[in-house]
Amino acid sequence: MAGGLVSVARRFTDLGVRVISSRLVSGGARAVGLAARSAVGSKGVRASVPIFLSRKEDVCLGERRGAYSQKRFQSTAREAPDFAFAFDIDGVLLHESRPIPGASDVLRFLEEQHVPFILLTNGGGKREEDRVSDLSEKLGVPLTTDNFVQSHTPFRQLVDGPDGLRDKTVLVTGSDYGKCRDIAKSYGFNNIITPSDILAAQPNIFPFRHIPSLHPNPQPLPRLPYTGDTSTALSSSLKVDAMFVFDDPRDWAVDTQIIMDLLLSRSGYIGTYSALNNDSSLPNCGWQQDSQPTLYFSNGDMLWAAHYHLPRFGQGAFQAALAGVWRRYTGGHELRRTVIGKPERETYAFAERVLNAYRHERLREIGGHGANGLMAVYMVGDNPDSDIAGANGFRSETGTEWLSILVRTGVWSDKRQGMGMLEGVKKPTTIVKDVREAVEWACGRHGVEWK
Ligand SMILES: [Mg+2]
């Protein structure tokens, strides 16, 4: 495999993100203690109440609870809670943009009890600070970007480091090219282009009438695309170093053409065609062997619940379509790409680092003891395929146990899908009515009384 693809992909795996491609994944993910960073945003208002106190009367509640209780009673009274929550948003805290009853109450309760939590969603398409501001208003609870992870948040890890992309040229796409550009800029990427920019500079790249409303504000490219004119030095032409799908693309046709062009290019120079493609003497028959830009997807969700009465296609459908075009074009070869988001383990590893950093910061603010590690994280979700499967399949490198709580307020119901689908990795630790019951159940296992 050529150096560029190897180095970028390996760097992402080093940062804790698994590469989906079967060949790339063989390198293994090596999570490192990367300090979680958050976008600039206003801190939520902190409740000034006494630090969490353990209750002695909750000692004898089963084997696992007994283990939690034993640790608790070895601790000092002012030691921090050793458990935390990760909440999905849609179907858990919100339903069609309206708060689910009890959602605001449980977040306030956890704040008061200094039990840390994060919001962990496969949603995206907005800057973290904008989404958090919107959520704070809808839920009536001050929230902060420090404990918020949406599907593309882990992309910020790729900005810095030995092979950082900060000053490289990255192509971004999604539901709104301008918003994708803004998000990427907020992460620290300095040279961002979109398919709109390429289309405006080289209209012949897509020889059909495109939809102008999807391309409202193209920006000048840093360099012009290669046109095939051999008198032009290739090194002075536009070169793309990585491609990011931030959320659900709208112009599949234009995006597919331009992403395919780059996957087939010589070293990411759009307008070129690699001489290594379809060379049977090379690994993978030469496909994606010429330092083409790595392709990243922020989540793999095929379907999502919208206002329509049947599920709608999401980013995963675009990914499947693109992979299908690639397979057809290459005679059956798999498209090598990196996918993050729930249920991918790397998103849970990233979420745990964010949670630990948030917990550490909260403890520092309130003067609590933080020597004890995080013993348990409760993932509260409505989707067995993503929330539950991801939590059940994740093995923390720090020994934190992840448990899964399935609520009945979202996409899953025993009437629609039945209990039969809750098998293997999709089987939750417990099923409850709603988020309030989830928090009550989990807190009770740690001797914290809901009221
Ligand atoms: Mg959900």
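Projected onto their three principal axes, the Cα atoms of the range 315-439 cover extents of 61, 36, 21 Å, largest first. Sorted on the mean count of surrounding Cβ atoms within 10 Å across their residues, most packed first, peptides 268-279, 139-150 read 139-150, 268-279. Working note: Karplus 6.51/-1.76/1.60 with θ = phi - 60° gives the range 137-151 the couplings 5, 5, 8, x, 10, x, 10, 9, 5, 5, 10, 10, 10, 9, 4 Hz, where Gly and Pro are set to x. Here the peptides 351-361, 428-438 are ranked by packing, the mean other Cβ count within 10 Å, and the order with the highest first is 351-361, 428-438. Scanning residues 5 or more positions from L119 or on other chains, those with amide H under 5 Å from its amide H are F87, F148, V149, with H placed 1.01 Å from N in the peptide plane. Scattering from the range 125-174 was approximated by placing one identical point on each alpha carbon and applying the Debye formula without solvent; log10 I(q)/I(0) at 0.23 1/Å stands at -0.89. Scoring 254-261, 322-329 by mean Cβ neighbours within 10 Å over their residues and listing the highest first yields 254-261, 322-329. Can you give me the relative contact order of the range 122-230 as a percent, contacts being Cα pairs under 8 Å and 6 or more apart? Once divided by the residue count of the range 122-230, the mean separation gives 22 percent. Computed over every Cα-Cα pair of the range 313-382 and binned at 5 Å starting from 0, the pair-distance distribution P(r) comes out as 3, 12, 15, 15, 12, 10, 9, 7, 7, 5, 3, 1, 0 percent. Between the C-alpha center of the range 255-317 and that of the range 133-153 there is a gap of 31 Å. Rg over Rh for the range 256-317 works out to 1.20, using Cα positions for both radii and the Kirkwood form for Rh.
A short reminder: the numbers here are calculations on the coordinates, not readings from a lab. Only a predicted model underlies this, so the values are computations on that prediction, with no experimental measurement involved. A quick note on method: Cβ atoms are made from the backbone with ideal geometry, for glycine too, and the neighbour counts reach across all protein chains shown.
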